[in-house]
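What follows is a single structure, written as structure tokens, with notes after it.
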Amino acid sequence: AKAQGKNCYALFDPDFHTRVVHRMQLEHELRQAIVHEQFTLYYQPVVNLSTGDITGFEALVRWKHPELGLVPPCDFIPIAEETGLIIGLSRWILRTACEQLQVWRQQFPTLSHLRMNVNLSVEQLNHQGFLSEVEQVLHQTGLDGQHLTLEITETMLISNTEAIIELINQLQSLNIRVAIDDFGTGYSSLSYLHRLPINSLKVDKSFTQQMHQDQINRDIVVTILTLTERLGLQAVAEGIETADQLALLKAMGCKQGQGYYFARPLPAHEIPPLLARGTIS
Ligand code: C2E
Ligand code: CA
Ligand code: CA
Ligand code: CA
């Protein structure tokens, strides 16, 4: 299971018995949440670092829990994955994100280039019907595949590499782009990176945020950016929180990014005012 992120609420009591009970309750509530449509997507703008223009969004799921309030994904995605609930939830996420992008593209015709990034989980990649579901969503929402980027992590590629390469090839034939998320934090995929039919690497926020602390982290970012360019891929820096981080990334040649410095993940209704301006700076 994934380590809990810093922004995770402590839903679990450290006592083991209590934890097991909470977990079972959480699983039960998660099933209810799907039935009662308690999920919502937040959208974080991805921007062109030199102009501040919004190039697209990353869709990030939240659970509007009746008592706990807004529950972050790290508190329920792992349970959804273990119980198989992730398949139905992910189907809803993909469809909702694509529908939302279509609404904004129609509302702002001059911004028709906007793209949507959607995170995948490994269970989806291994799910038989995945590709046809993606095709169906594109068909039903009328969204061209070129506006969709699917994010996978390095760890998803460790096993079943050949099958996943084949799947990515099929996604590419629908014009869908594929990004490697959290790049640099998983097992090194350098040996087969050049064989992966991907479009971009996302520089993990831990590197972005530690750049100012030491030279090593700056070297890592430079290395990722150099590698990206050599492989003909795009780089997107995550977790940009300060003007200093932004300045350094720009100086290093990074062209795209996202982070609290520009905008936090926002509920859908807060996005149109940003799109009306088109740029964040
Ligand atoms: P991720 O894909 O790496 O998403 C980026 C996370 O960084 C998001 O956390 C986002 O809110 C946060 N973030 C963005 N900018 C900044 C910043 O400037 N500073 C800091 N400290 N954090 C920033 P979030 O929304 O809590 O999501 C956590 C993880 O949960 C995601 O990491 C992703 O692995 C997973 N996740 C989120 N939504 C989905 C989804 O729809 N499907 C799946 N399968 N996983 C999801
Ligand atoms: Ca992501
Ligand atoms: Ca990430
Ligand atoms: Ca992640």
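Select from SER200, SER159, SER121 the residue whose mean-square fluctuation is largest in a Gaussian network model of the chain (Cα-Cα springs shorter than 10 Å). Sorting by GNM fluctuation, first place goes to SER159. Rounded to the nearest 5, what % of DSSP beta bridges with both residues in the chain are antiparallel? Antiparallel bridges: around 45 percent, rounded to the nearest 5. The H on the amide N of VAL46, modeled in the peptide plane, is under 5 Å from the matching H of THR55, GLY56, PHE57, GLU58, each at least 5 residues off or on a different chain. The count of lysine pairs in the chain that are at least 8 places apart or cross chains, and whose C-alpha atoms lie under 24 Å apart, stands at 10. Karplus-derived 3J(HN,Hα) values for region 178-185, using 6.51 cos²θ - 1.76 cosθ + 1.60 with θ = phi - 60°, are 10, 10, 8, 7, 6, 4, x, 9 Hz; glycine and proline are entered as x. Taken one residue at a time, the phi angles of region 272-281 give Karplus couplings (6.51, -1.76, 1.60, θ = phi - 60°) of x, x, 5, 5, 4, 7, x, 9, 10, 8 Hz. Gly and Pro are set to x. Contact order for region 1-160, expressed relative to its length and based on alpha carbon pairs under 8 Å spaced 6+ residues apart, stands at 20 percent.
Size descriptors for region 125-281: radius of gyration and Dmax over Cα atoms are 16.9, 49 Å. Translational diffusion coefficient of region 150-191 (Stokes-Einstein, Kirkwood radius from Cα pairs, 4 °C, 1.567 mPa s): 120 µm²/s.
For the chain, with a Gaussian network of springs between Cα atoms less than 10 Å apart, report the residue from CYS74, CYS254, CYS98 with the top mean-square fluctuation. Highest fluctuation of the listed residues: CYS74. Computed from phi, the 3J(HN,Hα) profile of region 237-242 under the Karplus parametrisation 6.51, -1.76, 1.60 (θ = phi - 60°) reads 8, 9, x, 6, 10, 10 Hz, with x in place of Gly and Pro. What is the Cα centroid distance between region 99-178 and region 184-257, reported in whole angstrom? The two parts, judged by their Cα centres, are 22 Å apart.
Across every direction, the projection of the convex hull enclosing the Cα atoms of region 58-120 has a mean area of 5.0 nm².
What residue among LEU190, LEU30, LEU227 has the largest mean-square fluctuation in a Gaussian network model of the chain, using Cα springs under 10 Å? In this elastic network of the chain, the residue with the biggest mean-square fluctuation among LEU190, LEU30, LEU227 is LEU190.
Around the amide H of GLU151, modelled in the peptide plane, lie the amide H atoms of VAL118, ASN119, LEU120, ALA179, all under 5 Å away and 5 or more residues distant in sequence or on another chain.
222 nm [θ] for the chain, helices only, -39500 (n - 2.57) per DSSP H run of 4+, per residue, to 500?
Values: 11 runs with 121 residues, N = 281.
So the helix-based figure for the chain works out to -13000 deg cm²/dmol.
Once backbone amide H atoms are built at 1.01 Å from N, ALA237 has VAL203, GLN256, GLY257, GLN258 as its partners under 5 Å, excluding neighbours fewer than 5 places away on the same chain. The stretch between GLU37 and ASN160 holds 41.0 nm of extra length on full extension. This uses 0.36 nm per residue minus the Cα-Cα distance.
Distances between every pair of Cα atoms in the chain, grouped in 10 Å steps from 0 to the bin holding the largest one, split as 6, 28, 35, 25, 6, 0 percent. Here the extension length gained between GLN136 and GLU229 equals 30.1 nm, from 0.36 nm per residue of separation less the Cα-Cα distance.
Beta bridges per DSSP, both residues in region 33-152: antiparallel share near 60 percent.
Shape of region 35-169 from the C-alpha gyration tensor: oblate (a/c of 1.5 or more and a/b not above b/c, with a ≥ b ≥ c the square roots of its eigenvalues).
Each value in this text was obtained by applying a stated rule to the coordinates, not by laboratory testing. In this text the structure is predicted, and so the values were computed from the model without any measurement.
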